[in-house]
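Note sheet for the following structure.
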Amino acid sequence: MEHEKPANLPTHPRTSAVLWELCVPYSVRSSSPVGDWLVSGSQSLTFILKLQIPELENSLDMIKFLQKQSGSTKEIEMQYMLSDQVYVKAVVPPTDKVCLWLGANVMLEYTLADALNLLTNNIQSAKKNLNYVEHDLDFLR
C-alpha cells in the first residue's frame, strides 16, 4: 500500500525523512518475530546509509575544493555547518591538512590526499552496503 506524503512536513531533509518514516504505518508482511526484527533493522540501516552518503560526498567535494586552492596564498571565506540549520562564517587560510570527524567523539587530522582516499573508500563502502541491505530487504519482504 503506497501512502501519500503529507504536504506540511518541514523542508529540512533529515527532519522530513524522520517525520515521514514516523507517519507511515509500520506493516511487515512476514509473520515471524525474527522476520519483523530483520526487516526493522534493515530499514534502519537503509535510512542511516541514505543520510550518510550525501554527507560523505559533500565532505569529498570540500576536500577536492581545498586541493584546488592549496597552491594559492589567498584566504577563503566560507560558511560551514556548526549544527543543523546553524552556519558560521570562517576565513580559511591555504592548507594541506584537514580534520575529519570520525564519530564517537573522535576527530583526526589528515593530509588532503589521505582524506580524499579515506572519503572515497567510505563512499564506495557505504554505497555497496546500501545495495546489500536493499537486496536483503527485498528478499525479506
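The values are calculated or read from the model by the stated rules, or taken from the named source; none is laboratory data. Please read these numbers as outputs of a predicted model, since none were measured by experiment. All Cβ positions, even for glycine, are placed from backbone atoms using ideal geometry, and neighbour counts span all protein chains on display. These accessible areas exclude ligands, DNA and RNA; they are computed on the full protein's heavy atoms, side chains included. Shrake-Rupley method; radii C 1.70, N 1.55, O 1.52, S 1.80 Å.
Structure above, values below:
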{"read-out": "The listed residue being assigned to a helix (DSSP H, G or I), among the charged types (D, E, K, R), touching a helix residue (DSSP H, G or I) at 6+ places or on another chain (Cβ under 9 Å) and within 30 Å of Leu137 (Cβ to Cβ), out of Lys50, Lys64", "value": "Lys50"}
{"read-out": "Single unsatisfied condition, Thr95 versus (1) assigned to a strand (DSSP E or B); (2) over 20 Å from Gln52 (Cα atoms)", "value": "(1)"}
{"read-out": "Residue match in segment 31-54 (condition: at pLDDT 90 or above, open to solvent by 80 Å² or more (accessible area, probe 1.4 Å) and among the charged types (D, E, K, R))", "value": "yes"}
{"read-out": "Per-region count, segment 101-117, residues of a type outside the set (Gly, Ala, Ser), in contact (Cβ under 8 Å) with a residue 24 or more places away in the chain and touching a strand residue (DSSP E or B) at 6+ places or on another chain (Cβ under 6 Å)", "value": "0"}
{"read-out": "Subset of segment 67-80 (residues that are open to solvent by less than 90 Å² (accessible area, probe 1.4 Å) and not in a helix (DSSP H, G or I))", "value": "Ser70, Gly71, Ser72, Ile76, Met78"}
{"read-out": "Subset of segment 99-128 (residues that are touching a helix residue (DSSP H, G or I) at 6+ places or on another chain (Cβ under 7 Å) and within 15 Å of Glu55 (Cβ to Cβ))", "value": "Leu100, Ala115, Leu119, Thr120, Asn122, Ile123, Ala126, Lys127"}
{"read-out": "Qualifying residues in segment 95-139 (those that are of a type in the set (Asp, Glu) and surrounded by fewer than 13 Cβ atoms within 10 Å (Cβ to Cβ)) - the one modelled with the lowest pLDDT", "value": "Asp138"}
